[in-house]
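S.K.: Pasting a structure below so you can have a look.
The values are calculated or read from the model by the stated rules, or taken from the named source; none is laboratory data. Just so we're clear, the structure is a prediction, and the values are computed from it rather than from any experiment. Methodologically, a virtual Cβ is constructed for each residue, glycine included, from the backbone with ideal geometry; neighbour enumeration extends over all protein chains shown. Areas reflect the complete protein model, heavy atoms only, side chains present, ligands, DNA and RNA absent. Shrake-Rupley method; radii C 1.70, N 1.55, O 1.52, S 1.80 Å.
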Amino acid sequence: MGLFNNLSALESAGLIQVAKVEPDLEYLFRHSMVQDAAYAALLDSDRKRLHLAVGNAIEQLYPGRKKEFAAILGNHFKLAGEEEHALSYFILAGDEALKVYANAEAELQYRSALELSCCSGLDIAWLYSGLGEALYRQNRFVESADAFQEGIKIYRACGDNDGVARLYARLARVEWYDSKRPKGLQTCLVGMKEVRDAPDSQGKAMLIHETARAYYFNGNSEKALPLCRQALKIAEQLGDTYLQADSMATLGILSGITPEESLEALGKAVDLAEANGYMQVALRAYINLGTMTRTWRGDNETALRCFRRSAELGKLRGVASEEQLGLSSYISCLFAPGRLKEVRAELPNLEKLASQMPNPEPNLVLISYLKAILTIHEGDWDSGLAIFWQILQRYRELKNKESELSVLDELSWMILEKQRWGEPADLVKVEELLNTVLEIVKHKSSKELIWVYPRMAMLKARQGKIEEAEQWLERAQQRMPGSSSIWDERFMQECTMEIDFARRDWDQALSQVEKITRTDARLGFRVNYARSLLSWGDMLIMRGLSGDLETAETLLRQAIEECNAMGIGHYPDIAGAKLEVIGARQHARTLDHEKMTRELKKARRVQESLLPDKPPQLAGWDLTVMLEPAHETSGDFYDFLMLPDGKLGLIIADVTDKGTGAALYMALSRSLWRTFAVNHPEEPQQTLAETNQRIMADTHGGLYITLFYGILEPQEGAFRFCNAGHLPGLLQRAKDGEIEQLKRTGIPLGVLEAAGWSKEGLIMEPGDALVLYTDGITEAQNSAEEFYGLERLLKTLKRAQGKPAVEIRDLILSDLRNWVGQAEQFDDISLMVLVREKK
């Protein structure tokens, strides 16, 4: 009876079934118990013979697919008693599984090989090497370290120094991922001593490089640099691209190299690792490239992309500790631009990764660190500080010096920040923290800790010890690396500002804070930017010159707006308190009206002559406007300008301050706007940019102007506009009565020289109404000092739906006057209404 007849009989009996036909015919037992019973019925000799026959048949039938069938062949030859033959296939199967990150499968194959009695010598060492790698990738660090140590013993016994050095390097890397950084350095030093007289090899170069890494992460970058260069040189001589990429990934973060060399080395490391599929090296290189790009260039967005790619590579490798490293770096980078929602969304993913690790404690501490930063950003400073103190103690217990120093940095800054805004703070405790860092600097001279010197200068300035503060600032300047980072420069500016602030040298302090604010705005670091606006406004309040309070009010309101948009807490409360101070001072100020009346009346006549007598008449459009000054002269103005192709430019604006200064500023601003609007009839943002540059160049009075500038194309109903710090325009749609708020597209004119504005656009349909106004309407107060407010204005506009422009205007003014009653008007009132007539 032939094979196929036998198979048909077994299939008919219900013992086996066809599993697949293509590419080869394959049968399976219907139940594992049938297979076990059939196998148990065989004699041992028959079993071995059949296993050998199967193994030989697979080899003969599929000579080009031995890697694919290696695990099966290893098992058949093992059961056939052909252990040496089985050993070669188990090793091949384990190596192939490791290549594709099938880590559990690799572990199984290596352990199967180690069970064979014929396994000895270098084969055992190789198997322990692969087993250690497979275990490491499964985050089983202790077992991985044990496997590498066994491999080291066998390589040592066989006199294979290259293997000894290679496994010492891998062992130290595992200890680094297990948060045992001092132990990792000790492992490297023991290995280096053991192979110091051995000739250069791949393994020795790996160990030299790992020693460089260990020195760096234990706070000694000076010793790391020459070792890293040595390892890179050997790798280049050997043509080892893996080690070249790994060494350059480390070289790029070390002190003692220029920013150009740093970024070039890291860029090459990324390219080389990606091109050759070195995923572990690539994920390291991406993290370091992100870190140094952010350090040298302040490029947060590129850093975020690098960190995200690193986390992706860790996930592809199936190594939670590697994915966690990339993801935690990514989350840390989200704070500067104020992306707190994303931080909250990503933290659970980080916690999930920590749960997959055999020793999650170090990673849970890191997560607590990130949560403490989030807590502080959300406004609960005291709770965040309490968490930081706990984390500091835990890092000291873990002997994680690098992370301990990061916490000391955060703690010292946070306590000083509380003190800056008048909250209780223990400056003695700050000095103790900084002295701890100075002791480390004294013994290790680490340039990564340069921040401690300006921080100490800041502390002394807060304590009123100006001379000591200047001495610490001088030390910082002396120790500053030749190529300082954007952060070093910003830190020195802030420190200088603190000393000027302590001296009450307002001009110098304000000059520094303005530079810092511009830097933060340029880099897109919104949290720092909001805080800088707050500091700037606070200093202006303290100086208290003419115009300071108004500028401070704008800065503080912008700080609040930025913080609220990001979900930043506490700073808005501080800014709100400062605004109350401004309000009290402004209310207390009085003008000598009798002395100024004549001049103000003259100024008013001149000012009124600058305003259009009546709005232009446009077919299909209904346009009206009014301006009601609160005093003899007005800081408000409006204007219309016919532009090419029948377009109409229209503007409503509000100059800070009152009196003749505001009137002159208004006249200048109006003239500049009209000039540049003609030059840019389709680009309102360019008109504002050039107007702002001329204002900044020609004036130095500390005034600024908010305005809403739009360009109307009457035929199409297209309307392009810019809102420079002005109140939102209100667009009421005829189809449903809904009111859209056309919010700011940039800051007021006259604040920052390099400011820019974005342009928005919309279509006004027949029946739609656009209402533009100044804060004299929304901030009008009744006798109870309650504001009229935007909400009441919106309700009034709802009632006016579908009415002509003049009726809308009059309904708003009527409702406003009823609200104000007999209360004094403190601000100018301007109102413009544009309606597209229904066909």
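S.K.: On a C-alpha basis, how far is the centre of region 754-774 from the centre of region 456-479 in Å? Whole number, if you could?
M.R.: One Cα centre to the other: 50 Å.
S.K.: What does a probe at GLU342 reach in region 544-581, counting residues whose amide N is under 16 Å from the point 7 Å along Cα→Cβ?
M.R.: Within reach of a label on GLU342, which here means backbone N under 16 Å from a point 7 Å along Cα→Cβ, region 544-581 contributes 566-568.
S.K.: When the Karplus curve 6.51 cos²θ - 1.76 cosθ + 1.60 is applied with θ = phi - 60°, which whole-Hz ³J(HN,Hα) does each residue of region 745-750 get, with x for Gly and Pro?
M.R.: Going residue by residue, I get 10, x, 8, x, 6, x Hz, with x marking Gly and Pro.
S.K.: For region 616-727, what class follows from the C-alpha gyration tensor (a ≥ b ≥ c being the square roots of its eigenvalues): rounded when a/c is under 1.5, otherwise prolate if a/b is larger than b/c, else oblate?
M.R.: Because a/c hits 1.5 or more and a/b fails to exceed b/c, region 616-727 counts as oblate.
S.K.: At a Cα cut-off below 28 Å, give the lysines reachable from LYS67, other chains included and same-chain residues fewer than 8 away excluded.
M.R.: Answer for LYS67, where 28 Å is the Cα cut-off: LYS20, LYS48, LYS78, LYS99, LYS315, listed by chain and number.
S.K.: Provide the per-residue ³J(HN,Hα) series for region 406-418, in order, calculated from phi with Karplus coefficients 6.51, -1.76, 1.60 and θ = phi - 60°, each as a whole number of Hz, with x at glycine and proline positions.
M.R.: Here the 3J(HN,Hα) series is 4, 5, 4, 4, 4, 5, 4, 5, 5, 5, 5, 5, 4 Hz.
S.K.: Which value in nm describes the separation of the simple spin-label points at LYS743 and LEU427, placed 7 Å from the Cα toward the beta carbon?
M.R.: With each label point 7 Å from Cα toward Cβ, the separation is 4.0 nm.
S.K.: For log10 I(q)/I(0) by the Debye sum over Cα atoms at q = 0.05, 0.09 Å⁻¹, one of (1) -0.44, -0.97; (2) -0.50, -1.07; (3) -0.31, -0.99 was computed from the structure I shared and the rest are decoys. Which label?
M.R.: This structure yields the entry labelled (1).
S.K.: How much accessible area per residue does the chain have, counting only protein heavy atoms and a probe of 1.4 Å, in square angstrom?
M.R.: Per-residue accessible area for the chain comes out at 45 Å².
S.K.: Taking the Cβ-Cβ separation of ILE72 and VAL142 as r and a Förster radius of 30 Å, what is the calculated FRET efficiency to the nearest 0.05?
M.R.: 0.40
S.K.: Leaving ligands, DNA and RNA out of it, report the carbon-plus-sulfur percent of the accessible area of region 762-806 at a 1.4 Å probe. Walk me through the intermediate numbers first.
M.R.: Details: 1020 of 2030 Å².
Its accessible area is 50 percent carbon and sulfur atoms.
S.K.: Shifting gears a bit: Taking all protein chains as present, what is the carbon and sulfur share of the accessible area of region 459-595, in % to the nearest whole number, probe 1.4 Å? The partial results should precede the final answer.
M.R.: Details: 2900 of 6380 Å².
Looking at region 459-595 in its full context, I get 45 percent from C and S.
S.K.: Okay, moving on. Got a number for carbon plus sulfur as a percent of region 41-183's accessible area, 1.4 Å probe? Intermediate results must be reported in sequence, preceding the final value.
M.R.: Numbers: 3500 of 6450 Å².
It is 54 percent, rounded to a whole number.
S.K.: Counting each DSSP H run of 4 or more residues in the chain as -39500 (n - 2.57), what helix-only mean residue ellipticity at 222 nm follows after dividing by all residues, to the nearest 500 deg cm²/dmol?
M.R.: -21500 deg cm²/dmol
S.K.: Compute the Kirkwood hydrodynamic radius of region 704-752, taking the inverse of the mean of 1/r over all pairs of distinct Cα atoms, and give it in Å to one decimal. Provide the component values of the computation, followed by the final result.
M.R.: Details: mean 1/r = 0.0835 Å⁻¹.
Radius from the Kirkwood sum: 12.0 Å.
S.K.: A follow-up question, please. FRET efficiency for GLU260 and ALA588, Cβ-Cβ distance as r, R0 = 56 Å, nearest 0.05?
M.R.: So, using R0 = 56 Å, E works out to roughly 0.50.
S.K.: Same structure, new question: Can you give the direction-averaged projected area of the convex hull of the alpha-carbon atoms in region 364-486, in nm²? Mind showing how you got there, number by number?
M.R.: Working: hull surface 32.9 nm².
Average projection, Cα convex hull of region 364-486: 8.2 nm².
S.K.: What nm value, rounded to one decimal, do you get for the distance between ARG396 and SER546 when each label is placed 7 Å out toward the C-beta?
M.R.: Roughly 5.7 nm, to one decimal.
S.K.: For region 638-787, what are Rg and Dmax over the alpha carbons, in angstrom?
M.R.: Every Cα atom of region 638-787 included, Rg and Dmax give 15.8, 50 Å.
S.K.: May I pose another question? Give the lysines reachable from LYS193 as a straight Cα distance under 28 Å; neighbours fewer than 8 places away on the same chain don't count.
M.R.: Correct list for LYS193: LYS153, LYS180, LYS183, LYS204, LYS223, LYS233, LYS399, LYS401, LYS442, LYS444, LYS447.
S.K.: In nm, to one decimal, how far is the LYS838 label point from the LYS193 one, both placed 7 Å along Cα→Cβ?
M.R.: Here the modelled spin labels are 9.4 nm apart.
S.K.: Taking a cut-off of 16 Å between Cα atoms, list the lysines near LYS460, but don't count ones fewer than 8 places away on the same chain.
M.R.: LYS418, LYS429
S.K.: Given N residues in region 762-819, what is Rg(Cα) / (2.2 N^0.38 Å)?
M.R.: Values: Rg = 12.3 Å, N = 58, 2.2 N^0.38 = 10.3 Å.
Working it through for region 762-819, the quotient is 1.20.
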